[in-house]
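Values quoted throughout were computed directly from the atomic coordinates according to the rules given, and no laboratory measurement underlies them. Keep in mind that what you see is a predicted model, and the values were worked out from it rather than measured. Reconstructed Cβ throughout: ideal geometry from the backbone, glycine too, with neighbour counts over all protein chains shown.
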Amino acid sequence: MTDESTFSDQLKAWLESDGPKTIGDLGVTFGDKSFAVTILFLMFIPALPLPTGGITHVFEAITVLLAGEMVIGARSIWLPVRWRDRTLGPATTGKAVPFMMRRIRWLERFSKPRGAYLFHRRWFLRILGVVLMGLALACGLAPPFSGLDTLPALGAVFVALSIILEDVLALAIGLGLGAGGVALILTLGAAIFRLIGRLF
């Protein structure tokens, strides 16, 4: 991986390498962007409007932990061994990641460093850690099978991408999507619980 290669190129090289495809390996491979890249992977799955069998709650819990580490200013990822050595699985590496790479490659055509200096400030990354933690918690608290976790998850994906691409425009998109998703969860989620309460 060279400095001139795009993130999607780096991702493709990692995917085609012979090394392990675990959550912990992401942190080793992508260095100072490890938090953002790992959170991108974790939150991309809940951002897809597809049934996931509850695995997304594990990914959201890991995201909350990683975002908390960003808040306290950790420089390297720490995860329990059980999570660190968890393989991403053939469905993720064979379908979800290639799909994600195509979307990232499209985004890279329009993205450029905007406000890049902010992403090198520890205080700014701590703030983004709080944002990511909030979005992951919102996903986890969304009513099950409602699909309301999709927007905050997509917001987290764009926030993570903004760190990787160092682009405040991507950050603005992520914040907008995330805020909209949280608002939907609060309004529609409350309505769903009221309806359930009336039925029972």
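Once you have the Cα-Cα distance between Ala183 and Thr6, take 0.36 nm times their residue separation minus that, and quote the gain in nm to one decimal.
Length gained between Ala183 and Thr6: 60.3 nm.
What order do you get for Thr187, Thr63, Thr6 when you list them from fewest to most C-beta neighbours inside 10 Å? Provide the component values of the computation, followed by the final result.
Numbers: Thr187 11, Thr63 29, Thr6 14.
Going from least to most buried by this count: Thr187, Thr6, Thr63.
Could you work out the relative contact order of the chain, using alpha carbon pairs under 8 angstrom and six or more residues apart, expressed as a whole percent? Show your work: numbers first, answer last.
On the way: 253 pairs, mean separation 51.5, N = 200.
Relative contact order, the chain: 26 percent.
Translational D (Stokes-Einstein, µm²/s) of the chain at 37 °C and 0.692 mPa s when Rh comes from the Kirkwood sum over C-alpha pairs?
191 µm²/s
Using R₀ = 22 Å, calculate the FRET efficiency as 1/(1 + (r/R₀)^6) where r is the Cβ-Cβ separation of Glu16 and Ile127; round to 0.05.
0.05
Where in the chain are the DSSP H helices whose C-alpha atoms run 24 Å or more along the long axis and whose mean Kyte hydropathy is at least 1.6? Please list the in-between numbers first.
Values: long enough: 55-71 (25 Å, 1.50); 122-141 (28 Å, 1.77); 168-199 (45 Å, 1.93).
The qualifying helices are 122-141, 168-199.
Can you tell me which of 106-116, 66-76, 147-157, 168-178 comes out highest on packing, and rank the rest after it, using the mean Cβ neighbours within 10 Å?
Working: 106-116: 13.0, 66-76: 16.1, 147-157: 25.6, 168-178: 19.5.
With the highest mean Cβ count within 10 Å placed first, the list reads 147-157, 168-178, 66-76, 106-116.
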